[in-house]
1. Which ones in the stretch 1-36 are closer than 19 Å to Lys85 by Cα and open to solvent by less than 40 Å² (accessible area, probe 1.4 Å)?
2. Return the residues of the stretch 43-91 that are open to solvent by 90 Å² or more (accessible area, probe 1.4 Å) and at pLDDT below 85; say none if nothing qualifies.
3. Could you identify the single residue in Ala112, Ala171 that is modelled with pLDDT under 70 and either open to solvent by 70 Å² or more (accessible area, probe 1.4 Å) or assigned to a helix (DSSP H, G or I) (or both)?
4. Give me the pairs: first residue in the stretch 1-27 and within 15 Å of Ser60 (Cα to Cα), second residue among the aromatic types (Phe, Trp, Tyr), beta-carbon distance under 6 Å, and six or more apart or on different chains, which are they?
5. Give the residues of the stretch 152-168 that are closer than 12 Å to Leu140 by Cβ and open to solvent by less than 40 Å² (accessible area, probe 1.4 Å), sorted by residue number.
Amino acid sequence: MLTNKENQMISEIRRGNTRAFSDLVDSYKDMIFTLSVRMLGNREEAEEVSQDVFIKVFKSLPKFKGDSKLSTWVYRIAYNTCLDKIRKVKKQRIHLDMEHADKIDYADLDTAFHKMVAIERSQLIEQCLSRLSEEDAGILTLFYLEEKNLLEMEKATNLPVNTLKVRLFRARKRLASIMEKSLNKEILQSNGSIG
């Protein structure tokens, strides 16, 4: 699966040719950095992980059998290194959180949690509303966010109540579909099923 150029580069690196390894780094540094930024969401951590990836590539190269493309092998190392970093950061956060747990007023924590959930829900709704037509978004905003009843909406839109009921029903269905897709995508991303 390896090209002649890749075979030659690997042979040179295994012989200790630092210029060949520098060429390998140049070939894959952008790909690795982009993947790391996407997975970690932090440029500094991505830079650190990118360096770790090339150290692992260098140390693992003697064991590389060439049964996959070099780029696939490097990508796999980068992906796994990012996952390791994510796990490490989560463990550190949990450890820090546990150290400070006894100092937390749980009533305040509960209030903060509810606020956070409300903010996230509001942001998700806003994102989903922005994907609807202006008409659908307007009707749903009036009814749910502005809490207008159908008679108030009739005055605001100059549409009869029965028309508003039908449009509200259809807009809810479209919003539900968009929200379901967004939630499924978010769940898959948080479980690592989407790259």
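1. Just the residues of the stretch 1-36 that are closer than 19 Å to Lys85 by Cα, to begin with: 29-36.
The answer is Ile32, Leu35, Ser36.
2. Lys65, Asp67, Lys69, Tyr75, Arg76, Arg87, Lys88, Lys90, Lys91
3. Numbers: Ala171 fails: modelled with pLDDT under 70.
That would be Ala112, the only listed residue that is modelled with pLDDT under 70 and either open to solvent by 70 Å² or more (accessible area, probe 1.4 Å) or assigned to a helix (DSSP H, G or I) (or both).
4. Within 6 Å, the pairs are Ile13/Phe21; Val25/Phe54.
5. Step one: of the stretch 152-168, the residues closer than 12 Å to Leu140 by Cβ are 153, 164, 167-168.
Scanning the stretch 152-168 gives Met153, Leu164, Leu168.
The values are calculated or read from the model by the stated rules, or taken from the named source; none is laboratory data. These numbers come from a predicted model, not from an experiment. Note that each Cβ is placed from the backbone with ideal geometry, even for glycine, and that neighbours are counted across all protein chains shown. Calculation scope for accessible area: heavy atoms of the full protein, side chains included, ligands and nucleic acids excluded. Shrake-Rupley method; radii C 1.70, N 1.55, O 1.52, S 1.80 Å.
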